[in-house]
1. Helix 3-23 against the longest principal axis of the chain: what's the angle in degrees, Cα atoms only, rounded to the nearest 10?
2. Please list log₁₀ I(q)/I(0) at q = 0.15, 0.22 Å⁻¹ for region 157-198, using the Debye equation with identical point scatterers on the alpha-carbon positions.
3. Please compute the modelled spin-label separation between ARG259 and TYR84, points set 7 Å along Cα→Cβ, answer in nm with one decimal.
4. Mind checking which aspartates and glutamates have their Cα closer than 13 Å to the Cα of LYS208? Skip sequence neighbours fewer than 8 apart in that chain.
5. Report Rg/Rh for region 128-213, rounded to two decimals, where Rg is the Cα radius of gyration and Rh the Kirkwood radius.
6. Below 12 Å, Cα to Cα, which aspartates and glutamates can LYS313 reach? Residues fewer than 8 away in the same chain don't count.
7. Once you have the alpha carbon radius of gyration of the chain, what is it after dividing by 2.2 N^0.38 Å, with N set to its residue count?
8. Sorted from fewest to most neighbouring beta carbons within 10 Å, what does the list CYS31, CYS187 look like?
Amino acid sequence: MNRRQLFRTLAGGAMAARLAQAARLTRANLCFITDEVNRNLALALPFAAEFGIQQVELRNVDGVYCFRHDNDKLKQVRAQLREYGIRVAVLSTPILKCVLPGSTLTAGSAREVKVAQKDFPVPEEQQFAQQMDFLHKAIEAARILETDKLRIFSYWRVEDREKERPRILNGLSRLTEVAEKEKIRLCIENEPSCNLGNCIESATVLRKINSPWLGMAWDVVNGTASGETPYPDGFNLLDKKSIWHMHIKDTRIDPETKRRQTCAVGDGVIPYHDIFTAMGKAGYTGALSMETHFSVNGSREPASRRSIAGLLKVVDQLT
């Protein structure tokens with residue numbers, strides 16, 4: 001090997017090392033949904049400081065969906081975040097988590113409609129007509145909170161999705177047109193009680209609409225409700241460039257009930273080390289947003305501590 005070849009080899013190795021380092025997800029990617037720790041934002045933010053988390057996902061703040069607060073309250077929220085040096089990774093909304101008029105819901109989604117009323121007390125029969133108003137209000141809130149991403153859904157899940165597919169696509173396309181004009185990114189969550197419940201359903205619609213303003217909030221666990229294996233099966237179906245946000249929780253089979261239950265990251269079956277490694281290599285730089293989704297003795301905070309400890313362990317072991 002001559003001198004020039006040696007320099008090229010060394011330079012190539014250095015470049016490979018930089019790329020490998022850039023691809024690694026770290027603690028800087030950590031995030032959590034604040035109301036999963038505490039609905040009182042003033043009590044949730046110290047949790048972020050304790051674990052060195054510098055970004056959060058806002059959904060329900062002080063008992064109200066964040067985007068529904070007036071501008072003065074939103075500015076107060078922004079001031080609270082700035083005090084802790086925390087930014088908003090995504091603003092979570094229930095946009096398109098509504099009934100398509102005239103459709104027949106699955107039994108599971110019909111139950112979820114009733115549950116959702118607790119956190120979003122807008123009469124269900126009025127919600128469909130207000131979706132555009134909700135979107136514009138959410139965009140205004142996102143600007144105040146200094147984020148360019150909104151989480152949305154795909155209507156409550158219907159029995160005949162093939163029949164309703166044109167209306168589902170039309171609703172998402174109309175939102176996307178507004179998003180393009182307003183320069184805001186919409187992240188559809190794969191939610192089993194909605195029409196895009198797993199990776200294949202989400203990937204199919206994202207390809208169909210094919211907009212740089214419509215992407216995915218990939219909830220790794222949610223697809224398991226339809227029998228999907230998140231990794232590698234679900235992962236391999238997705239265009240990684242369209243994944244803009246991730247929800248992180250874990251799942252296992254309860255030995256007593258034999259039913260699937262949410263648990264702390266690391267206590268279940270989801271291979272997060274492999275998923276995070278693959279996402280890093282695919283160029284993902286977004287948030288790993290912990291969604292606790294279970295309680296310890298009726299409290300979310302100790303459950304959140306257990307789950308963030310598991311998530312930290314996985315991230316710290318990435319190479």
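Read-outs: derived from the displayed coordinates by stated rules, not from any lab. These figures come from a predicted structure and were not determined experimentally. All Cβ positions, glycine included, derive from the backbone under ideal geometry; neighbour counts span all protein chains shown.
1. Rounded to the nearest ten degrees, it is 30.
2. -0.42, -0.78
3. Each label point is offset 7 Å from its Cα along the Cβ direction, giving 3.3 nm.
4. Straight-distance partners of LYS208: ASP239.
5. Rg/Rh: 0.96.
6. Excluding near neighbours in sequence, the set is ASP267.
7. For the chain, the normalised Cα radius of gyration is 1.03.
8. CYS187, CYS31
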